[in-house]
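**Q** If you scroll down you'll find the structure; I have some questions about it.
What follows draws every value from the coordinates through simple rules; no lab data is involved. Quick caveat, the model's predicted, so the values are computed rather than measured. Glycine gets a Cβ as well: all are built from the backbone with ideal geometry, and neighbour counts include every protein chain shown.
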Amino acid sequence: MASYIINIIKEPITFGKKQFLFSVIGAFLMFLLLLARSRIPGWPLSPIGLAIGIPHPVFHTWFSVFIAWVIKTVILKYGGNKVYSESKIFFLGMICGIFVTAGLWIFVSWVTKTSIAFTLG
C-alpha cells in the first residue's frame, strides 16, 4: 500500500481527454442506474457498485463489503426492519472496537518504542 502511494506522489496521474471521457461515461451510467432504481420497482442493481468500482483500496476490501451486504440482506429478509435497526448498534460497536484495538496497539508500540509495520497485500 505504501509503495502504491509513493508511486502516485512521485508520478502524479494526469487528467486528460481520455480521463474526461471515462468520467462522462461513468456519470451517464450512474444517472441511468439511479433512474432505473427510482423508476423500476425491484431493480436489482445498486448504483453504489458503480461508485466503488475496483480502485486499488477497494480491490483489497471488496470481500468485506460483499459479506456486509449478504448479512444485511439476510437480516432484512428474515428479521425485518426492526431487527435490522437493532442490529446496527452491534455492527457499529464492532467497527468502533476495531478502531479502539488499532489505537491501543499504536499506543503500545509508542510506549515500547517498537514499530508496527504491516502490508495489505
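**Q** Which value at 222 nm does the chain reach when only helices count, each DSSP H run of 4 or more adding -39,500 (n - 2.57), with the total divided by all residues and rounded to the nearest 500 deg cm²/dmol?
**A** It comes out at -27500 deg cm²/dmol, rounded to the nearest 500.
**Q** At 7 Å along Cα-to-Cβ for each site, give me the label-to-label distance between V24 and N81 in nm.
**A** Placing both labels 7 Å beyond Cα along the Cβ direction yields 4.2 nm.
**Q** Also: Given springs between every Cα pair under 10 Å in a Gaussian network model of the chain, which of G93, G79, G42 has the largest fluctuation?
**A** G42
**Q** How much length, in nm to one decimal, is gained on full extension between S3 and S115, taken as 0.36 nm per residue of separation minus their Cα-Cα distance?
**A** 38.5 nm
**Q** Please work out whether segment 77-116 counts as rounded, prolate or oblate from its C-alpha gyration tensor, where a ≥ b ≥ c are the square roots of the eigenvalues and a/c under 1.5 means rounded, while otherwise a/b larger than b/c means prolate and anything else oblate?
**A** prolate
**Q** Further question: Report the one residue of M30, N7, G42 whose Cα lies farthest in the direction of the positive end of the charge dipole of segment 1-80 (charges on C-beta: Lys and Arg +1, Asp and Glu -1; origin at the Cα centre).
**A** Farthest towards the positive pole: G42.
**Q** If you don't mind, there's one more thing I want to ask. Nearest 0.05, what FRET efficiency do I67 and I106 give at R0 = 22 Å with Cβ-Cβ as r?
**A** FRET efficiency, I67 to I106: 0.25.
**Q** Return the label of the correct value of Kirkwood radius over Cα pairs in Å, as calculated from the structure shown, out of (1) 14.7; (2) 18.7; (3) 20.5.
**A** Looking at Kirkwood radius over Cα pairs in Å for this model, the match is (2).
**Q** Another one. Given Cβ point charges of +1 (Lys, Arg) and -1 (Asp, Glu) and nothing else, what value in debye, to the nearest 20, does the dipole of the chain about its Cα centre take?
**A** With only Lys, Arg, Asp and Glu charged at Cβ, the dipole is about 260 debye.
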